[in-house]
Each structure stands twice: as structure tokens, then as C-alpha cells.
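To start, the structure itself, in C-alpha cells.
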Amino acid sequence: MRRKAFRLYSTHLKQRFDGRVHKISVDAGFGCPNRAGGRDAHGCLFCDPGGSGAVGIERNEPIAVQIERGKELMRRKYRAKWFIAYFQPFSNTFAPVEVLRDCYDQALAVADVVGLAVGTRPDCLPLKTLDLLAEYDQRTYFWLELGLQSMHDKSLNFIQRGHDYQCFLDSYQAARERGLRICVHLILGLPGESREDILATAEEMARLKVDGVKLHLLHILEGTPLGDLYKQGQIEMLEMQEYVELAVDFVERLPPETLIQRLTGDGPRDILLAPLWSMNKWEVLNAIDAELERRGSVQGDRYRG
Ligand code: SF4
């Protein structure tokens, strides 16, 4: 059902490339401007010590070694044929362009890597860096993954994001002018956000006609400032059905052509404080399918473009 109801990124990749394509998370060692330029200070309230990266990244290995290990795993598990190197944790444009070029080139030099995805923050994209990314967009299958989380400044302030919505708009526009494909990361369930607030973000993403979205469920992790607030009883969490309905409401408002790269997430189990129901990712995804089926709707049904 999900295949028909959403424009899934995985389906798009299968159509674009001959064979299964998987992303491999890479940690190139960059820091984050919102963590005092390094990795140790606290940044966004929800960010874990790993800089919001995937579980199991071989952080201290050379880039090519990380990718080769990922390839082996993805081949064994999913019979993947091609790979996209995904510079994921922390801010992967937070270095001079020569350093960035060297890192991206190391990834592209690995056999069977057919694309790059670079995750970063809107305030970490000087024009010189955007020009560099545009070069990679000419050379390979390239995605810029831009963390936003919410269009509401009250929420960005609360999570101590360190930039406002205008900053996102400016970087988004500059990246668009260079023809970059952009996937925006958003969090559903931020403290203080109403359903209307969340749907306003959905409608704004629809207005911008973003190429892709990743919807993240708010996770509360041990060792984060948000985790401390949660333990003090100050954070209310969504129930699973509430999340499911919001995710469906969100996707219904996006244009039919927006690629859905993620509909939920499963945080690192060893430090996950809440919501524990998120550990069963397939149950959440199946519930999203069931909700769409119950409504008889598909992505784009409430798009007002
Ligand atoms: S921008 Fe990313 S890496 Fe930096 S503090 Fe926020 S979530 Fe963590």
C-alpha cells in the first residue's frame, strides 16, 4: 500500500539506477557550529553525543574504509548494488572548501558509489560552499540534506537550534538557484507545537516545493538537555496514533512529486528514553499505511498548489 500512497525515495532510486541503491552513513569528523564549533558542547536540545548520526557508524576509520564496511553489510542484508555516501552526523559543510572537496572526493572514489548526500545546517552554507556543492551536483547524483525541524521560530528557539526560519529560507533559496536537490529534515512532536503549527510547516514545505522530506519523530535520548527536561516531567510526548495521524496529515499536504525519504525513525535503543513505542518502526509504518487506507487518501490529496 505505501508504495502507491507515497512517492517513496527508495522506489525512485530503484527506477533511476539499475539495481538496489542504499545509503551508507559516513562520519568525516566535522563538528557543528551549534556545538561551539566542535562536538563536545551541547547544541540542539535533542542532539545526542553522536551528532544525530546513524547507529553503528565506524567513526574513526578513513572515509573509504567506512564505506567499504557499509557496502559489505548492505550487500549481505539487502543485496544492494549501488551506494550513496551519506555525510550524516554533525554538520558536513563545516570546513573550508578544500577540506570538504577532499572528503567528498574520497567517497566518490570508492567503487560503486553513485551519489553523495550531504547533511548540514542552514547557517553553515556560505556561497563558496554552495558553489562547491553545485560542482558535485554536476558530477554525480547529489542531495543536500538540510536540517530545519520546524518553520516556527518559537520552536527553533526552544530547541536552541541557533538559527531562525529566515536563515533557512535564505540558504534554501541560494541552493535552489544553484539547482541543488534539497531534502528538508523536520521533527513532528516538538514541545509546544500544536497540530496547526505542524501542518503550517507542511504547507510551507509544499509552497517551497522541496524535492524531498525526512519526517522524524521527536526522540528523547539519555545524555541530552531534552532528556533532562523529560526526566523532570516537563516534556509531553505524542502517542503512536497521534504521530501516525500527523504524519499522514503532513504527507497529504505535500505535492505528489515530493520524495518521502523518511516517515519515522528509531533512535539509538541503548539511550532512548521516549517514546518507547518508536522502537517498533515497522508497526509505526504499517499504522501509517493503515491510516491512509482508512482515509482513502494518498500523498498530495490536500496539496493546495
Ligand atoms: S545542528 Fe545537528 S549536529 Fe549540530 S547540535 Fe543540532 S542536531 Fe546536533
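The values are calculated or read from the model by the stated rules, or taken from the named source; none is laboratory data. The structure presented is a predicted model; accordingly, all values stated were derived computationally and were not measured. Here the Cβ is made from the backbone with ideal geometry for all residues, glycine too, and neighbour counts use every protein chain on show. Remember, those area values only see protein heavy atoms, side chains included, never the ligands or the DNA or RNA. Shrake-Rupley method; radii C 1.70, N 1.55, O 1.52, S 1.80 Å.
Pairs needed: first member in region 218-244, touching a residue at least 40 places away in the same chain (Cβ under 8 Å); second member anywhere, open to solvent by 80 Å² or more (accessible area, probe 1.4 Å); C-beta distance under 7 Å; at least 6 residues apart or different chains.
So the pair list comes out as Gly223/Pro49; Pro225/His42.
Quick check on region 14-24: of everything there that is touching a residue at least 12 places away in the same chain (Cβ under 8 Å) and not basic (Lys, Arg), which residue is farthest from the ligand (Cβ to nearest atom)? Full working, then the answer.
Pass one, region 14-24, residues touching a residue at least 12 places away in the same chain (Cβ under 8 Å): 16-24.
Those still in the list that are not basic (Lys, Arg) too: 17-19, 21-22, 24.
Values: Phe17: 29, Asp18: 34, Gly19: 32, Val21: 25, His22: 23, Ile24: 19 Å.
This residue is Asp18.
Do the conditions hold for Phe142, that is, is it open to solvent by less than 70 Å² (accessible area, probe 1.4 Å), of a type outside the set (Gly, Ala, Ser) and touching an Asp or Glu at 6+ places or on another chain (Cβ under 6 Å)?
Details: open to solvent by less than 70 Å² (accessible area, probe 1.4 Å): yes; of a type outside the set (Gly, Ala, Ser): yes; touching an Asp or Glu at 6+ places or on another chain (Cβ under 6 Å): no.
Here the answer is no, as Phe142 does not meet what is asked.
For residues that are open to solvent by less than 40 Å² (accessible area, probe 1.4 Å), more than 10 Å from the ligand (Cβ to nearest atom) and touching a residue at least 24 places away in the same chain (Cβ under 8 Å), tally how many sit in region 38-59.
2
Which of the residues spanning region 161-206 are charged (D, E, K, R), out of contact with any strand residue (DSSP E or B) (no Cβ under 7 Å at 6 or more places or on another chain) and in contact (Cβ under 8 Å) with a residue 40 or more places away in the chain?
Answer for region 161-206, where residues must be charged (D, E, K, R), out of contact with any strand residue (DSSP E or B) (no Cβ under 7 Å at 6 or more places or on another chain) and in contact (Cβ under 8 Å) with a residue 40 or more places away in the chain: Asp170, Arg178, Glu193, Arg195, Asp197, Glu203, Glu204.
Checking the structure you have, find out if any residue of region 25-34 is closer than 30 Å to Pro256 by Cβ, surrounded by 15 or more Cβ atoms within 10 Å (Cβ to Cβ) and within 16 Å of the ligand (Cβ to nearest atom).
Yes, some residue in region 25-34 is closer than 30 Å to Pro256 by Cβ, surrounded by 15 or more Cβ atoms within 10 Å (Cβ to Cβ) and within 16 Å of the ligand (Cβ to nearest atom).
Report yes if Pro62 is over 14 Å from Lys23 (Cβ atoms) and within 16 Å of the ligand (Cβ to nearest atom), otherwise no. Quick ask: steps written out before the conclusion?
On the way: over 14 Å from Lys23 (Cβ atoms): yes; within 16 Å of the ligand (Cβ to nearest atom): no.
Answer is no for this residue.
What do you reckon, is Arg69 more than 16 Å from the ligand (Cβ to nearest atom), open to solvent by 40 Å² or more (accessible area, probe 1.4 Å) and touching a residue at least 40 places away in the same chain (Cβ under 8 Å)? Before the answer, list the steps.
Working: more than 16 Å from the ligand (Cβ to nearest atom): yes; open to solvent by 40 Å² or more (accessible area, probe 1.4 Å): yes; touching a residue at least 40 places away in the same chain (Cβ under 8 Å): no.
Judged against the criteria, Arg69 is not a match.
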